[in-house]
1. Among the numbered criteria (1) surrounded by 11 or more Cβ atoms within 10 Å (Cβ to Cβ); (2) at pLDDT 90 or above, which one does SER38 miss?
2. Considering only segment 15-71, state which residues are under 18 Å from LYS82 (Cα atoms) and either touching an Asp or Glu at 6+ places or on another chain (Cβ under 8 Å) or among the basic types (Lys, Arg) (or both).
3. For VAL28, are the conditions met, namely being open to solvent by less than 70 Å² (accessible area, probe 1.4 Å), of a type in the set (A, V, I, L, M) and part of a helix (DSSP H, G or I)?
4. Starting from residues that are touching a residue at least 12 places away in the same chain (Cβ under 8 Å) and under 15 Å from the mean Cα position of the chain (by Cα), keep the ones in segment 1-18 and report whichever is most open to solvent (accessible area, probe 1.4 Å).
5. Please specify each residue of segment 67-83 satisfying the condition of being out of contact with any helix residue (DSSP H, G or I) (no Cβ under 8 Å at 6 or more places or on another chain) and part of a helix (DSSP H, G or I).
6. Of everything in segment 50-66, what is in contact (Cβ under 8 Å) with a residue 24 or more places away in the chain, more than 26 Å from GLU9 (Cα to Cα) and part of a helix (DSSP H, G or I)? Give them in sequence order.
7. Can you give me the number of residues within segment 67-90 that are of a type in the set (D, E, K, R), surrounded by 13 or more Cβ atoms within 10 Å (Cβ to Cβ) and closer than 29 Å to GLU8 by Cβ?
Amino acid sequence: MGIEDYDEEIVFEHVRLLQEANFIEAIVVLNPRTYEVSRLLNDGHDFVANAKNPAIWKKTIDFLSKKGGDVSLALVKGLLVKIASNHLGL
């Protein structure tokens with residue numbers, strides 16, 4: 001298991017966080033540290049749908065870069081929704 005060029009511990013922690021945020025359905029075992037992702041959930045699909053538009057993603061990243069610092073996944077998701085709504089003129 002793992003993702004090439006990424007530290008396994010970091011990947012494990014991100015899988016755990018994505019599961020807790022209801023972005024993915026996964027089995028996460030703490031000892032030994034293993035995981036199995038089975039599917040993307042509604043919140044995960046919503047995030048991907050907004051983030052896959054290059055213009056919306058670029059605006060989101062540019063905004064966050066200007067503000068600096070770390071932000072939560074929930075905040076990034078909310079910002080993506082806001083920028084996507086503005087992009088569509090809603």
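1. The number of the failed condition is (1).
2. LYS52, LYS58, LYS59, LYS66, LYS67
3. Judged against the criteria, VAL28 is not a match.
4. Only one residue fits best here, namely LEU17.
5. Result: LYS67, ALA74, LEU75, GLY78, LYS82.
6. ASN50, ALA55, ILE56, LYS59
7. Count: 1.
The values are calculated or read from the model by the stated rules, or taken from the named source; none is laboratory data. Since the model is a prediction, treat every value here as computed from it, not as a measurement. We place every Cβ from the backbone using ideal geometry, glycine too, and count neighbours over all the protein chains shown. The area values use the complete protein model at the heavy-atom level, side chains included, leaving out ligands, DNA and RNA. Shrake-Rupley method; radii C 1.70, N 1.55, O 1.52, S 1.80 Å.
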